[in-house]
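Notes to accompany the following structure.
The values are calculated or read from the model by the stated rules, or taken from the named source; none is laboratory data. Just so you know, these numbers come straight off a predicted model, no measurement behind them. Neighbour counts run over all protein chains shown; Cβ positions are idealised from the backbone, glycine included.
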Amino acid sequence: MAMNPMQKKARTSFLLGMFLTLIITGIIIGFLILQLSKMKEEEAAIVYHQVYVLNTDVVSGDTLQGKSALQEVRAEYVPNNAITNTNLATYITENSTSKISVRKGTVLTTDMINTEGTEISADVRLQEYNMIVLPSKLQEGEHVDIRLRLPTGEDYIVLSKKHVEESNADTIWIRVAEEEILTMSNAVVEAYIVTGSYLYATPYVDAGMQNSSSPTYIPSDRVRNLMSSDINIIPTAYAALQERYSRKIVEHRTVLNEAIQGYQDKAQTNVETKTGEETEKMQSARRQYVDGLSTY
C-alpha cells in the first residue's frame, strides 16, 4: 500500500527524532560513566584513617571507662595527634581521663587525654564518707579536695583531687589508698574533737587541666608511726609521705595539737557522739538500700 507524502514525512521525522534521542542518551550515559569512573579514581586516591570518637559527652576530668566510651570511624582529614589503632592502648585505659570537656562525636587526640596516675595500686579502696560537708551543687564525676578548717581559721588540705565516684545529699564515695584512709581517719577524729571545726569538700573548676593541690594536713605522731609500720602502704607512697612530712609544713601539726589540747576533757565524748551519728547515718542508708533491693 502506497504511503502518502504526509505519512512518509511524519515517519521520517519520528525515526530522526528517535535517532537523535538515542545519540543524546548515549552521550549522556557516556558522560555519566566517565564521571563515575573519575569519581572512583579520586576516591581510590583518598587516604582514610581509622580514628576514634566519643559515643557520649564528657566533661573535664571525666574517666573515659576504656574502649567502651569510643567508636571507631574512618575519616579523611584528621589531626596529626589523633588517637588511632597504633596508640590506642597507650592513651585509652579503664582510668584515662579527659583534660577538657568534649562533645559526642569528637575525634579524640592525645592532647585531650590524661594518662598520668591512671594505675590503680593494690591498696586502693572505694571509701564512703558521710561526715564531709558537701557543696550544694556537687555532681558525680567531679574532683574535689577534702579540707579541714579549724575554728581559729587555719585551713588544711587533707586529701587532694579525689574523683567523686558516687554521691547523694550527704555522702560521697571516693577511691583512697591505704595512707589516705589513715590520714582521713585521723582528720575525721580530730574534726570530731574540736568543736566548730569544719571538714568539707571543694570542687575543681577544670579538673582536666588543673594539677592536684599539695596536701597540707599532717596526721598525728601516732598515726604517722602507724603508717611507718603498715605493710599495706606501698613503698613509693610512703616515700612521698616522708618527703612531705620532712618539709616545713610539719609545723602545722603544732597548731593542730594546740587546738586539740583545748578539748582534751571533751575529746572522748565529742568523738563518741559524732561517731554514733556517723554510724546511724550509714546504718540507715544501708537499710534503705537493702529495702530497695527487696522490691525488685
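Within the range 161-173, residues that are on the phi > 0 side of the Ramachandran plot reach partners that are aliphatic (A, V, I, L, M) and in a loop (DSSP other than H, G, I, E, B) with beta carbons closer than 9 Å, at six or more positions or on different chains, in the pairs Lys161/Ala207. Here Arg147 qualifies as at pLDDT 90 or above and either under 30 Å from Gly262 (Cα atoms) or not assigned by TED's automatic domain parsing to the domain that holds Gly196 (or both). Residue count for the range 132-166 satisfying the condition of being over 15 Å from the mean Cα position of the chain (by Cα), within 26 Å of Gln283 (Cβ to Cβ) and surrounded by fewer than 19 Cβ atoms within 10 Å (Cβ to Cβ): 3.
Test Ala207 against the stated conditions and say whether it is at pLDDT below 85, in a helix (DSSP H, G or I) and among the hydrophobic types (A, V, I, L, M, F, W, C).
The answer is no for Ala207.
The single condition among (1) surrounded by fewer than 20 Cβ atoms within 10 Å (Cβ to Cβ); (2) in contact with a His (Cβ under 7 Å, 6 or more places away or on another chain) that Ile174 does not meet is (1). Just to be sure, is Leu226 at pLDDT below 85, assigned by TED's automatic domain parsing to the domain that holds Lys161 and part of a helix (DSSP H, G or I)? No: the conditions fail for Leu226. Where helices (runs of 4 or more DSSP H) fall wholly inside the range 229-296, the ranges with 1 or more residues that are at pLDDT below 80 and surrounded by 12 or more Cβ atoms within 10 Å (Cβ to Cβ) are 235-245, 252-261. Scoring Glu119 on the criteria (1) assigned to a loop (DSSP other than H, G, I, E, B); (2) at pLDDT 85 or above leaves a single failure, condition (2).
Screening Ala191 on (1) without any contact (Cβ under 8 Å) to a residue 60 or more places away in the chain; (2) of a type in the set (Gly, Ala, Ser); (3) in a helix (DSSP H, G or I); (4) touching a strand residue (DSSP E or B) at 6+ places or on another chain (Cβ under 7 Å) shows it passes everything except condition (1).
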